[in-house]
Amino acid sequence: MGETIPGAFVPTSWSLLLRAAEGEPVQRREALEELAQLYWKPVYAYLRRKGKGSDTAGDLAQGFFAHVLEKNLLARARRERGRFRSYLLALLEHHLANKARKRGAKKRASGPGIDAKDVVHDARITGRLSWAGRESAAGRRVSVRQAKPGSRG
């Protein structure tokens, strides 16, 4: 009955968390190393259950712990607020959501763009907007006022 399931969360050692969050530098480092050893496998297993591949789950777990340590998020954990595993998983879900949002923003920003100057220039020369000027690469309508031949924009 005392056996643990591989990848299962272990009971929380609040004294260890306190040392990691508020201890002297040497104590903090040792406590953080111990926490990373205790919770890396459960976080990794959670990511695998969410459908992440082995390498991806490992990278995400590593990045998550780096983020938690960098932002000192362990200092915010409070026993009276509930289980540490719930806190850790909430942090992980926020971390994953932020990564997905940043990845989406990067993807949108790196797509082929339309330079409005080229569209207006093309309209002045030909008297009509080019197809690229009327529709963006994503299929959205681009609203560009057509310049009258000979007028300045």
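Which pairs in the list 41/102; 50/102; 71/107 are over 24 Å apart, alpha-carbon to alpha-carbon?
Values: 41/102 26 Å; 50/102 20 Å; 71/107 26 Å.
The pairs that break the limit, which is 24 Å between Cα atoms, are 41/102; 71/107.
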For region 14-110 (alpha-carbon point model, no solvent) the Debye-based log₁₀ I(q)/I(0) at q = 0.18, 0.23, 0.25 Å⁻¹ works out to -0.86, -1.24, -1.37
With R₀ set to 22 angstrom, the calculated FRET efficiency between the beta-carbons of residue 62 and residue 94, to the nearest 0.05, is 0.85
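Which chymotrypsin sites (Phe, Trp or Tyr not before Pro) in region 25-105 sit in a loop by DSSP (not H, G, I, E or B) and have at most 16 other Cβ atoms within 10 Å of their own Cβ?
On the way: sites: 39, 40, 44, 46, 64, 65, 84, 87; in loops: none.
For chymotrypsin sites (Phe, Trp or Tyr not before Pro) across region 25-105 that sit outside H, G, I, E and B with at most 16 neighbouring Cβ atoms in 10 Å, the list is empty.
Read the figures in this text as sums done on the coordinates, not as results from a lab. As the structure is a prediction and not an experimental result, all values here were calculated from the model. FYI the Cβ positions are ideal-geometry reconstructions off the backbone, even for glycines, and counts take in every protein chain you see.
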